[in-house]
Protein chains: 2
Amino acid sequence: MPQDNAKPISSPPLTDAPTPALIPVDHLLCFSFYAASHAFTRVYKPLLDAIGLTYPQYLVMVALWEKEDQTVGGIGEKLGLESSTLTPLLKRLEALGFVTRSRDPADERVVRVRLSAQGEALREQARTIPECILKATGLDLADAERLQKDVTALRVALEKAAAGKG
Amino acid sequence: MPQDNAKPISSPPLTDAPTPALIPVDHLLCFSFYAASHAFTRVYKPLLDAIGLTYPQYLVMVALWEKEDQTVGGIGEKLGLESSTLTPLLKRLEALGFVTRSRDPADERVVRVRLSAQGEALREQARTIPECILKATGLDLADAERLQKDVTALRVALEKAAAGKG
DNA sequence: TGCGATTATATCGCGCACAAATTATATTTG
DNA sequence: CAAATATAATTTGTGCGCGATATAATCGCA
């Protein structure tokens, strides 16, 4: 009978506890974010397939639509990604024809990433995506904004904690 | 210098909908989750390094501490992961000595994943992690639970939407 | 009984994501 | 000015994460 240890019968659904209580994985705060983040990318998938982007590529394009000339480091700072993640991703976007990459003549260390005409045009194709996503969340705009602010505040707190320990 | 194009001067006149506003990437709800999820793993990193696990491996161990004998498919269902993700991950956990994997004699298609003695013991080492994480969030227990519920509800809504379109 | 579906894992290829090491350019300092 | 240091991006190696496909075992049903 290797099958009967479901859980301590009466553990309340705690996110954490002073005693080493067993917390089911689906009650961990971190897991809710992990799973929700994956769920987002799954909702995006068919929409992004239609315009030939992956989800991280889409984030980079959104950043570029916001400001069309940025450095690798600047994009990394905004998205929280290392250059070792961005370099190959940007090369793929370049191969797809959506961006150009070139060394800044004023400082040859930095690479400037710019929208191509095709990258500009893609923006039109992506126009309706945010409304589709909002609809998929089942939230109204006010709740979505509230949640976005709460989650961003949490991210900031976590980043501060991570920096403090590092 | 080449740095003043905060947004496109004029969006092309489309015949239909009210022009969707440009949403900065750091105001997207999806991005707040994407970034927060990464921030969680960064906070976990030093704690998990100390016990030799990655974050996804930790989630699997938490699931096994909750119920020590599970199938690959069962774990995948709980964590929302495919067998193509779990199979190599579980092999690594096995190589580390934390779990055992064996075909179920009653149904040779099924692989049963069990905690090893070492995997059981690891639970003690991981005992204090949840409190560390809660502290890093800056939230009190009640707020953390509330947020966990909201986020889980959102995940469910997104999964429903994704399934509906597939 | 046997054979076509279904189910459970595993394999393969691609694209993140990061840490560590590398290369190339700038800046600081002696 | 030259050497030491700092900065920006790239390369390399490891581990997710998924879709598509493969393999093997079981089930359903005539």
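The values are calculated or read from the model by the stated rules, or taken from the named source; none is laboratory data. Please read these numbers as outputs of a predicted model, since none were measured by experiment. Please note: Cβ atoms are built from the backbone with ideal geometry, for glycine as well, and neighbour counts cover all protein chains shown. Side chains are part of the model used for accessible areas, which takes the heavy atoms of the whole protein and leaves out ligands, DNA and RNA. Shrake-Rupley method; radii C 1.70, N 1.55, O 1.52, S 1.80 Å.
Conditions: (1) more than 25 Å from A:Q125 (Cβ to Cβ); (2) within 16 Å of the chain's Cα centre (by Cα). A:P105 meets all but one. Number of the miss?
Unmet condition: (2).
Kindly indicate which of B:E68, B:E77, B:E124, B:E82 is touching a residue at least 12 places away in the same chain (Cβ under 8 Å), acidic (D, E) and farther than 25 Å from A:A157 by Cα.
It is B:E68.
Being open to solvent by 20 Å² or more (accessible area, probe 1.4 Å), assigned to a strand (DSSP E or B), within 15 Å of DNA strand D (Cβ to nearest atom) and more than 9 Å from chain A (Cβ to nearest Cβ), is that true of even one residue in the stretch B:83-102?
The answer is yes; a qualifying residue exists.
Scan the stretch A:103-118 residue by residue and report those that are of a type outside the set (A, V, I, L, M), within 16 Å of DNA strand C (Cβ to nearest atom) and open to solvent by 80 Å² or more (accessible area, probe 1.4 Å).
A:R103, A:P105, A:E108, A:R109
Can you tell me which residue within the stretch A:46-55, out of those that are under 24 Å from A:S83 (Cα atoms) and surrounded by 15 or more Cβ atoms within 10 Å (Cβ to Cβ), is nearest to the chain's Cα centre (by Cα)?
By that ranking, first place goes to A:Y55.
Please indicate, with yes or no, whether at least one residue in the stretch A:124-137 is within 30 Å of B:K45 (Cα to Cα) and within 16 Å of DNA strand C (Cβ to nearest atom).
No, every residue in the stretch A:124-137 fails to be within 30 Å of B:K45 (Cα to Cα) and within 16 Å of DNA strand C (Cβ to nearest atom).
Taking the residues in the stretch A:39-82 that are basic (K, R) and more than 20 Å from A:L134 (Cα to Cα) as candidates, determine which candidate is nearest to DNA strand D (Cβ to nearest atom).
My answer is A:K78.
Name the residue, out of B:A163, B:A121, that is modelled with pLDDT under 95 and open to solvent by 40 Å² or more (accessible area, probe 1.4 Å).
After applying the criteria, what remains is B:A163.
Considering each residue of the stretch B:63-73, count those that are within 8 Å of DNA strand C (Cβ to nearest atom) and either open to solvent by less than 30 Å² (accessible area, probe 1.4 Å) or outside any helix (DSSP H, G or I) (or both), and give that number.
2
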